[in-house]
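Here the structure is laid out as structure tokens; the discussion comes afterwards.
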Amino acid sequence: MRIGVVGYGTGGKNFHVPFIQAARRVELAGVVARAPATIAAVKADLPNTPIYPSLAAMLAVGVDAVTITTPPDTRRELVLEAIDAGVHVIADKPFAPSAEAGRELDEAARKRGIVLGVFHNRRWDADVLTLKKVLDSGALGRLWRLHARMELDEPATLEAGPTGGLLRDLGSHMVDQALWLLGPAIAVSAQLDMIELPEGATDAGFVLTIIHEGGVHSHLSASKVNRIAVKEYRAYGQGGSYVSSGTDVQAQAIFGGKRPADDRAAWGYEREELWGTLRTAGGAERIPSEQGRYHAYYEAFAAAVHDGGPPPVTAQEAIATLAVLDAGRISAAENRTVTL
């Protein structure tokens with residue numbers, strides 16, 4: 001699958017291109033970049049990769065699929081442009097400003113027979129895959145609740161203004177993880193930590209509670225401006241508990257100059273001293289890390305394009321995530337639980 005990347009900011013540079021390069025049956029066909037500094041960065045990082053001034057120019061040359069990883073307020077038109085050209089699309093998260101807008105994009109893709117996937121890559125985090133293995137094992141018995149924290153000391157990366165905010169940013173990942181692990185949401189309540197920025201009021205932190213079908217509840221929290229860095233999962237069930245407090249393994253490796261293509265077999269494992277602990281009546285057990293592998297997303301997307309199956313994260317799943325985020329904003333604004 002020849003795929004082009006539209007945008008080469010933090011997302012394109014660190015969370016897309018390295019994993020496209022590591023994915024089997026996938027080839028990086030080019031990058032769309034306009035600003036001189038961005039073009040210079042692409043030339044330095046990817047000297048043999050074509051650079052295009054626009055999506056239209058890339059589509060004119062021909063690709064099988066494109067990843068849209070430009071700023072959120074630009075994605076809708078670019079996704080529709082690619083769909084109209086008959087090209088399969090991966091849209092970065094959040095792939096639409098609301099669940100209603102997401103349904104518009106999903107309908108457009110369906111009418112054209114296009115595979116539209118959403119890049120909720122953090123299903124392939126090492127700690128999330130390890131947690132899933134524990135939950136699937138049944139060791140916790142009947143599950144009661146899940147607590148998840150993603151605290152980043154990154155004030156400069158907060159997307160400012162009413163159309164940005166942390167709920168749409170990290171919340172997109174965390175809600176997708178919760179729905180993937182625990183099933184559909186039936187009710188949502190939320191509190192947002194607001195700050196005033198030149199671009200407008202912005203949520204810089206959140207606490208979100210989801211009631212899932214079957215009665216399990218998840219409690220998600222995140223921040224970016226509170227000078228704390230913690231990534232933690234705690235699951236409680238009738239049979240015991242599982243707690244992990246690890247690191248953002250793949251992102252830290254990328255920022256440290258490593259690339260998954262250099263050593264696929266060793267990529268993405270949490271250090272042994274940070275493995276999670278399962279506690280049951282039989283005692284405490286350290287659970288070895290599963291492999292974090294964002295490149296698996298691209299391999300699964302290529303298989304969907306080739307075989308005609310669903311992408312690894314469907315537009316419908318991403319719409320369900322957006323519906324929870326929409327409900328969270330209403331809950332915070334009106335101080336009430338929102339039923340879905």
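The values are calculated or read from the model by the stated rules, or taken from the named source; none is laboratory data. What you see is a predicted model, and the numbers here were worked out from it, not measured in a lab. Please note: Cβ atoms are built from the backbone with ideal geometry, for glycine as well, and neighbour counts cover all protein chains shown. With ligands, DNA and RNA removed, areas are computed over all heavy atoms of the protein, side chains included. Shrake-Rupley method; radii C 1.70, N 1.55, O 1.52, S 1.80 Å.
Given a 1.4 Å probe, how much area per residue of the range 2-92 is accessible, in Å²?
Per residue, the range 2-92 has 42 Å² of solvent-accessible surface.
Please state the relative contact order of the range 2-92 as a whole percent: Cα pairs under 8 Å, 6+ residues apart?
Rounded, it is 32 percent for the range 2-92.
Taking R0 as 45 Å, what's the FRET efficiency between T339 and N48 from their Cβ-Cβ distance, rounded to 0.05?
With R0 = 45 Å, the Cβ-Cβ based efficiency is 0.25.
Holding the Cα-Cα limit at 21 Å, pick out from K13/K132; K133/K231; K93/K258; K13/K133; K133/K258 the pairs that are longer than that. All intermediate terms of the calculation are to be shown ahead of the outcome.
Values: K13/K132 28 Å; K133/K231 18 Å; K93/K258 24 Å; K13/K133 30 Å; K133/K258 27 Å.
Beyond 21 Å: K13/K132; K93/K258; K13/K133; K133/K258.
Could you give the length gained by full extension between N14 and F255, i.e. 0.36 nm per residue of separation minus their alpha carbon distance, to one decimal place? Can you show the working numbers first?
On the way: separation 241, 0.36 × 241 = 86.76 nm, distance 0.75 nm.
So the extension gain works out to 86.0 nm.
Can you grab the distance from the C-alpha centre of the range 271-305 to the C-alpha centre of the range 135-201, Å, no decimals?
The distance from the Cα centre of the range 271-305 to that of the range 135-201 comes to 20 Å.
Given a 1.4 angstrom probe, I'd like the percentage of the accessible area of the chain that is carbon and sulfur, rounded to a whole number.
52
How big is the gap, in Å, between the Cα center of the range 84-113 and the Cα center of the range 1-66?
20
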